[in-house]
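Input: a single structure, listed below in structure tokens.
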Amino acid sequence: MRRAVISILLICLCVAVFGQRFTVSGVVRDGGNGENIKGLVVTLMPIEDPTQGFTAFTNTAGFYSVTIPKGEYVFFIQYTGYQEVQDTITLAANLTRNVDLQPQAELLESVVVTGEAVDHNVASADVGKMEMKIETIKTLPALFGEVDVLKSIQLLPGVQSGGEGNTGFYVRGGGSDQNLVLLDETTIYNAGHLFGFFSVFNADAVRNVEITKSGMPAYYGGRLASVLDVTQKEGNMKQFQFDGGLGLIFSRLTIQGPIKKDRCSFIISGRRTYIDAVVQPFLKKTSPLKGTKFYFYDLNAKLNIIINEKHRLYIGGYYGKDVYGFKSSSGTTKAQFRWGNGAAALRWNYIISPQLFLNTTFSFTNYDFATTMGMDIYSMEMSSGVRDYSLKTELTYLPPFPHEFKFGVHYIFHRLLPNKFSVEAGLDQDLTLPNVDPYYAHELAIYANDEFDIFPWWKVNAGLRYTHFEFIGPFTRYVFDNAGILADSIVYRPGQCIKQYNHVEPRLAMRFRLAKATSIKLSYTLNYQYLHQVALATISLPTDVWMPSTEIVKPQVGHQVSLGVYQNFRDNMFETYIDLYFKYMKNLVEYKDGINLQDITQNADQMYVFGRGWSYGAEFFVKKAIGRFSGFIGYTLSFTRRQFDDLNGGKPFYAKYDRRHDVSINLSYEILRNKLSVSAVWVFATGNTMTIPVGYYFLCGSIVTEYSDRNAFRLDPYHRLDLSLNWTICKRKRFETGLNFSVYNVYNRKNPFFIFFETETNFDMEGPTFDMDTKAYQMSLFPILPSITWNFKF
């Protein structure tokens, strides 16, 4: 009886507390094109006490929801480039309030250019999460005038480039394969064009770019280092729009518009290089470059359908292809490299109630690489690839109390093909090679995440992620004896479980607000990575092979702790932070020394060795986001080391992407408002590590090269200055055109791309003299490169 009375009292208390609370929810869209606006702050201030405001953030679908007590409120929205929304509402029941923000003709100098809450970096529990606005990216100097999303991300602290002009990136000591790259929630396995000099992301089709370096929420997983989340535009719901550009080696065109106004829209964006077509007519027939093919193209498309106020569908896709080929002047020797990405996604948004939001995505991604080489009647082809089928559903619950719960399930079916070889000898003399089986695997994740305030000064983002990975047949495992001779094989039938892994990954991020403009943030993440990319080169190339975890290759494990101090100055005009981190990783994968990749008598995962690694450092960041003069300065001090029992004699060594110092300065100034602006980017980085020959000796009559310890030599530092000028020639209601002038590597710095060695010998037949002289030569890639691009929009 006593328990029943207590229960009734608790119920009455809940009714008293929450019975007079109601929910205001809705979707915020751009009134100019109908696209949803993400990350916008909706504020409701009580008429009686405006200092006690309630806020809500819009998600990727523009949806917001906030539950507050009954009463009268000022409904307030302020967002860069849009007219302010402010009116009074009386809340006596649940209220749906959809908003179409109307664009402003002119931007006010006092408005913050990020569009977030002015103190979002201090107030949020986001640790290591940074956003690059596409408008900012388009103002940066660009190689050959082509705006590049990934090169822009490399300017941020803790994010290092893969080399001169390369879009490969490394985050806080992690490998390039430890970055999860998403395009509309679909994994992209190779994000580079032309061997990594340009990214696969067409800036005209991109709406938003975010990178998470630490404090990864539970709804992200599968990689140790970072998540790069790129969102495509949805298509103009109001009117047809054409955007494009014509550059020295690129052209691009984007078309978007309504199929049915305010109900259904589309966007199609494409681009292609044509440097090979431009150069070929001017080459002599004897030129070694005659007949060379070197180009890429890609296509983005998306369909946006509003079924009703509760249901919305998105159908999107991406396809890109690279081709590089050459042949000798006689035509007897030729080679061609082909690689490409294909991705498609179907996403369904469902507003179940003012407090429940469901997002379900089915996606498909495919990456393939092929090389064909021929001489006379002989030819050889090597191919590899990855194919995924994925289904993810996530439920967001916004209860009456200040919490944001997310529950989700994510399933992926992997098909990975390592290097496969085929040889044709001509005259019906094809060489028969053993089949190379694909690797098949299931990957499942179930997660829960909650963000809430314990106290107004203490915000917590906590989550738990369960992961299951299963390596399955069909598969043939080769068994070798102690002498390395093939002794037996084990054949697994289709669907048979070969090896499975189950893990739990806790995630925690906390923000302690010390003052209005000051906070301390702390995070811990545990990640498991079940797919691995093993590379021979010092930069990411399309030849790098993806492998699943097997009974030989264990999942990579990463622990990371991050502690940061965030401080804003002068009414949030300046944003700063200092972030310290430590990361420990194990089950890292490298090739064995002296491995023969053409050895097809063994499984690919039998060519690897395994070790551990650690990275630690400090990041410093200063940003000015208000006014005509804006920009940021970032500096990273870091140490990254590896240790493998079977490499470097078991001694620790610096990773190939270890850099002690990394500096980036990005400054922009608007000379004439909305008319003329200039930008400058300067970068400095400690040189990459490498292993070099240090001596020679004779062994059984043969010359043997002796090498230094692994990665014991460091290249010269890398630094470069880029400048750009953006001139809007004409800007009217229905037409806009302008020019971008860029200069890459202004002071013509000869930065090292790689080092190669040449050895000369001098043998005296009449005496015992035998001299060897080895010299190192530096290969530099890009000198000073001016470019011009014409951009238009109507």
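Results, tabulated for the structure shown:
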item	result
For Ile784, net neighbour charge (Lys/Arg +1, Asp/Glu -1) across residues whose Cβ lies under 13 Å away	+2
Calculated P(r) of segment 640-794 - Cα pairs past 21 Å, %	66 percent
Chain lengthening between Ala277 and Phe480 when straightened (0.36 nm per residue, less Cα-Cα)	68.0 nm
Computed FRET value (nearest 0.05) for Thr51 with Glu84, which takes r as the C-beta separation and R₀ as 22 Å	0.65
Full-stretch length increase - Met373, His661 - with 0.36 nm per residue and alpha-carbon distance subtracted	99.6 nm
Listed pairs Lys38/Lys133; Lys233/Lys521; Lys260/Lys302; Lys260/Lys731 exceeding 21 Å between Cα atoms	Lys233/Lys521; Lys260/Lys731
Segment 128-181 pair-distance distribution - Cα-Cα, 5 Å bins, rounded %	4, 19, 29, 26, 15, 6, 0
Debye log10 I(q)/I(0) for segment 700-752, one point scatterer per Cα, at q = 0.15, 0.22, 0.31 Å⁻¹	-0.71, -0.90, -1.14
Solvent-accessible area, 1.4 Å probe, carbon plus sulfur percent, for segment 58-99	44 percent
Environment charge at Pro157 (Cβ cut-off 10 Å; Lys +1, Arg +1, Asp -1, Glu -1)	-1
Rg/Rg_ref, segment 153-222, where Rg_ref = 2.2 N^0.38 Å and atoms are Cα	1.10
Computed log₁₀ I(q)/I(0) - Debye formula, equal Cα scatterers, no solvent, segment 599-701, q 0.22 Å⁻¹	-1.15
Calculated FRET value between Arg263 and Arg493, using beta carbons and R₀ = 56 Å, to 0.05	0.65
Cα centre as origin, Lys/Arg/Asp/Glu Cβ charges: segment 628-733 dipole, Debye	960 debye
Radius of gyration and maximum dimension Dmax of the chain, Cα, Å	28.5, 114
Magnitude of the charge dipole, segment 26-97, Cβ model with Lys/Arg +1 and Asp/Glu -1, debye to 20	240 debye
Cα-based reach from Lys293 at 22 Å (exclusive), listing lysines while leaving out same-chain residues under 8 positions away	Lys284, Lys285, Lys321, Lys327, Lys334
Protection-proxy order for peptides 341-348, 219-226, 148-155, each taking the mean of Cβ atoms within 10 Å per residue, highest first	219-226, 148-155, 341-348
Selection from Met45, Gly317, His532, by position along the positive dipole direction of the chain (Cβ)	Met45
Only Lys, Arg (+1) and Asp, Glu (-1) charged, at Cβ; the chain dipole about Cα centre in debye	2040 debye
Ranked packing of 718-731, 193-206, most packed first, by mean Cβ within 10 Å	193-206, 718-731
Cα-based equivalent ellipsoid, segment 459-537: semi-axes from gyration tensor eigenvalues, Å	46, 17, 9
Helix-only mean residue ellipticity at 222 nm for the chain, each DSSP H run of n ≥ 4 adding -39500 (n - 2.57), per residue, nearest 500	-1000 deg cm²/dmol
Accessible area expressed per residue, the chain, with surrounding protein chains retained (probe 1.4 Å, Å²)	46 Å²
Segment 28-93 and segment 222-263: distance between their alpha carbon centers, rounded to Å	27 Å
Accessible-area composition of segment 434-535, carbon plus sulfur, in percent [1.4 Å probe]	61 percent
Approximate shape of segment 131-272 as ellipsoid semi-axes (Cα gyration tensor, √5λ), whole Å, largest first	27, 20, 12
Given charges at Cβ of Lys, Arg, Asp, Glu: the chain dipole, positive-most of Asn482, Gly617, Leu739	Leu739
Lys/Arg +1, Asp/Glu -1 at C-beta; the chain dipole; positive extreme among Trp546, Leu95, Leu299	Leu95
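The values are calculated or read from the model by the stated rules, or taken from the named source; none is laboratory data. Values in this document were obtained by computation on a predicted structure and should not be read as measured data. With ideal geometry, Cβ positions are generated from the backbone for all residues, glycine too; neighbour counts draw on all protein chains shown. Heads up: the accessible areas ignore ligands, DNA and RNA and are worked out on the full protein's heavy atoms, side chains in. Shrake-Rupley method; radii C 1.70, N 1.55, O 1.52, S 1.80 Å.
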